[in-house]
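The numbers here are math on the coordinates, done by the rules we state, and not lab data. In this text, all values refer to a predicted model and were calculated from it rather than measured experimentally. Glycine also receives a Cβ, built like all others from the backbone with ideal geometry; neighbour counts cover every protein chain displayed.
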């Protein structure tokens, strides 16, 4: 069974209602905050500015087409991944279409790119060879300050004894492989099964998880699906979990991995290139993203080490990247990109001048 066959997207009315709910929330947000176009960026930005786009919002061409009027501006774009293009069966058609537009506009209007892993860099070139002509800076994501400071163990949470999977609840996140492992666990040892907490925002493709739970109601005694938790709540759950689980079929990075390691919590993750990069130097157990039996086995090994933190089990303490370190590297890349564009522009101007005078 291939990765794209591991989890399908149910075409249910619930999924459509979820998408409608997201649109409704967006409409209410606009109604409460208002909306204004402002002055055109092409007219107000100072000469030789740097335009840095980190929101992966390039799908609407008019938002970046103005860059063609300002060749003096250096445009740098951050792309998180191209998963909807490489794994389209795990995403709604609109998401795939928008992502292809992001790729087209990034190629057309970027002087440089920032990506979180070498895997994403290689994926971009696979999707379109023209990305190979642009400078691409790889910088792994840092851990926010909220997850850097160790906190005292929460006896109430630790008494529950649970595993945590956190992040958006989407088809490519592959939570179903965890549900399959928990189902097997309950069949083997119902009394000793710990709780699984799946914490994250629901999406139009979340129905694959909700449908599996509906078809296996016994799992609800041991599985909780929760959304809209605060950052302190996620941090507390992460710090007191037996392990953080990351079963994704594909990722651009894997932020919960580094957040968990910073808290001294063990991680079990699907064996993907991006996860390997995110978990480098940390205690991570890697296993197949599509084989629930391997997940069952890996989690059993965690059970045998309960009570010992990731820091105690690893050969060396995990050192998380900070935002200060991250931006120092980003700033250096921006400077080099500006310098490269300036040199290229000078060369072009010189060539045109010689052509005009000859």
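Here are the numbers for this structure:
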quantity	calculated
Taking 152, 173, 61 and counting other C-beta atoms within 10 Å, the order from fewest to most	152, 61, 173
Segment residue 293-residue 271, extension gain: residue separation times 0.36 nm, minus the distance between their alpha carbons	6.5 nm
Anisotropy class of segment 145-313 from Cα gyration tensor, a/c 1.5 cut	rounded
Centroid-to-centroid separation of segment 131-188 and segment 206-246 [C-alpha atoms, Å]	10
Sites residue 340 and residue 60, calculated FRET efficiency, Cβ-Cβ separation with R0 25 Å, nearest 0.05	0.35
At R0 = 25 Å, FRET efficiency that the Cβ-Cβ distance of residue 326 and residue 48 yields, to 0.05	0.55
Antiparallel content of DSSP bridges confined to segment 145-313, in %, to 5	0
Global form of segment 230-304, assessed from the alpha-carbon gyration tensor, a/c cut-off 1.5	oblate
Relative contact order of segment 145-313, pairs being alpha-carbon contacts under 8 Å that are 6 or more residues apart, as %	26
Extended-chain gain in nm, criterion 0.36 nm per residue less alpha-carbon gap, residue 195 and residue 146	15.1 nm
Förster-model FRET efficiency, 22 Å R0, residue 128 and residue 101, C-beta, rounded to 0.05	0.95
Three-way shape call for segment 19-143 based on the alpha-carbon gyration tensor, with the a/c threshold at 1.5	oblate
Sorted by Cβ density within 10 Å, fewest first, the residues 74, 231	231, 74
